[in-house]
Amino acid sequence: MNILFEDEYMLAVVKLQGVPAQADKTGDPDLLSQLEEYTGQPLGLLHRLDRPVGGVMLFAKEKKAEAILSKDIQENRLNKRYLTVLCGRLPEEQGTLENYLLKNARTNLSEVVSKDRKGAKKAILHYTRIAEKETDMGWLTLAEIKLETGRHHQIRVQTSHGGFPIWGDKKYHKNFPKRGKTDIALWSYKLEGVHPETKQPFSLTAKPEKEPFTLFAEDLRDL
């Protein structure tokens with residue numbers, strides 16, 4: 001268990017890819033249950049990561065802290081940044097994707113729809129190109145993503161719709177080559193906020209170490 005920070009108010013850990021953030025219908029071991037066993041107490045689940053996505057997750061250990069941190073998340077004061085490897089090249093070094101998304105509960109997939117579609121929710125993300133390389137799979141781009149909204153599968157849907165799907169994302173990148181078991185190249189690498197009790201700023205970081213991020217090892221060291 002990779003613990004990044006722990007005190008009596010909050011606990012930050014690195015979620016492994018393929019591990020559910022909380023119990024689901026599969027019954028597979030989940031991170032929340034493991035952490036509650038480790039701490040011997042119930043924890044507040046402040047945010048989620050899709051099962052295939054790894055990286056920094058923050059949990060509350062105390063009710064008042066949970067309320068404060070939850071409000072910070074709702075009001076976009078908790079800065080969450082992701083790293084991803086995209087198939088293709090971004091149109092510009094920095095940019096914004098804005099779409100309306102609709103979740104299909106039956107398939108557990110989301111799609112870009114018209115803003116007039118019933119149930120559609122606005123989705124906004126900002127990207128920064130960090131590096132790009134030409135490979136035997138074509139051009140790959142290492143990018144940092146900052147979410148302005150938190151929609152179901154948001155990063156995966158919006159990047160795919162924009163023409164640069166995430167490496168390894170077989171749900172939204174139908175043309176990804178068939179090749180054994182691969183993890184999706186999407187990683188929650190940084191959380192920044194204010195401690196709910198001390199009011200001191202905190203920054204929690206964990207960088208990805210698996211393929212295809214290894215292609216950008218030098219660029220990741222500079223982050």
- [ ] Looking for whichever is more than 30 Å from residue 6 (Cβ to Cβ) and in contact with a His (Cβ under 7 Å, 6 or more places away or on another chain) here; the options are 96, 107. Which one fits?
- [x] 96
Open item on the list: Tell me yes or no: at least one residue of the stretch 52-67 is at pLDDT below 95, surrounded by fewer than 18 Cβ atoms within 10 Å (Cβ to Cβ) and not acidic (Asp, Glu).
Closed with: no
Task: Residue match in the stretch 14-29 (condition: open to solvent by less than 70 Å² (accessible area, probe 1.4 Å), farther than 30 Å from residue 137 by Cα and part of a strand (DSSP E or B)) - done: no
- [ ] Mind listing whichever residues of the stretch 30-85 are out of contact with any Asp or Glu (no Cβ under 8 Å at 6 or more places or on another chain), within 15 Å of residue 191 (Cβ to Cβ), in a loop (DSSP other than H, G, I, E, B) and in contact (Cβ under 8 Å) with a residue 60 or more places away in the chain?
- [x] 47, 49, 53, 77
Open item on the list: Tell me the residue from 144, 192, 111 that is in a strand (DSSP E or B), more than 16 Å from the chain's Cα centre (by Cα) and among the charged types (D, E, K, R), please.
Closed with: 111
TODO: Could you tell me which numbered condition residue 148 fails, if it satisfies all but one of (1) at pLDDT below 95; (2) open to solvent by less than 70 Å² (accessible area, probe 1.4 Å)?
DONE: (2)
TODO: Kindly indicate which of 133, 199 is part of a strand (DSSP E or B), modelled with pLDDT of 90 or more and over 20 Å from the mean Cα position of the chain (by Cα).
DONE: 133
Task: Enumeration of residues in the stretch 188-201 that are open to solvent by 30 Å² or more (accessible area, probe 1.4 Å) and either closer than 18 Å to residue 84 by Cα or touching a residue at least 60 places away in the same chain (Cβ under 8 Å) (or both) - done: 190, 192, 194, 197
Task: Selection status of residue 204, aliphatic (A, V, I, L, M), modelled with pLDDT of 95 or more and open to solvent by 10 Å² or more (accessible area, probe 1.4 Å) - done: yes
TODO: Please indicate, with yes or no, whether at least one residue in the stretch 99-106 is within 29 Å of residue 212 (Cα to Cα) and not basic (Lys, Arg).
DONE: yes
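Results for (1) within 28 Å of residue 220 (Cβ to Cβ); (2) open to solvent by less than 30 Å² (accessible area, probe 1.4 Å), shown as yes or no for each residue.
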{"position": "92", "(1), (2)": "yes, no"}
{"position": "95", "(1), (2)": "yes, yes"}
{"position": "116", "(1), (2)": "no, no"}
{"position": "124", "(1), (2)": "yes, yes"}
{"position": "158", "(1), (2)": "yes, yes"}
{"position": "167", "(1), (2)": "yes, yes"}
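Give me the residue from the stretch 97-114 that is among the charged types (D, E, K, R) and without any contact (Cβ under 8 Å) to a residue 40 or more places away in the chain and, out of that set, least open to solvent (accessible area, probe 1.4 Å).
So the residue we want is 98.
The values are calculated or read from the model by the stated rules, or taken from the named source; none is laboratory data. Being a predicted model, the structure only gives us computed values, none of them experimental. Backbone-built Cβ (ideal geometry, glycine too); neighbour counts: all protein chains shown. To get the accessible areas, we keep the full protein, side chains included, count just its heavy atoms, and leave off ligands, DNA and RNA. Shrake-Rupley method; radii C 1.70, N 1.55, O 1.52, S 1.80 Å.
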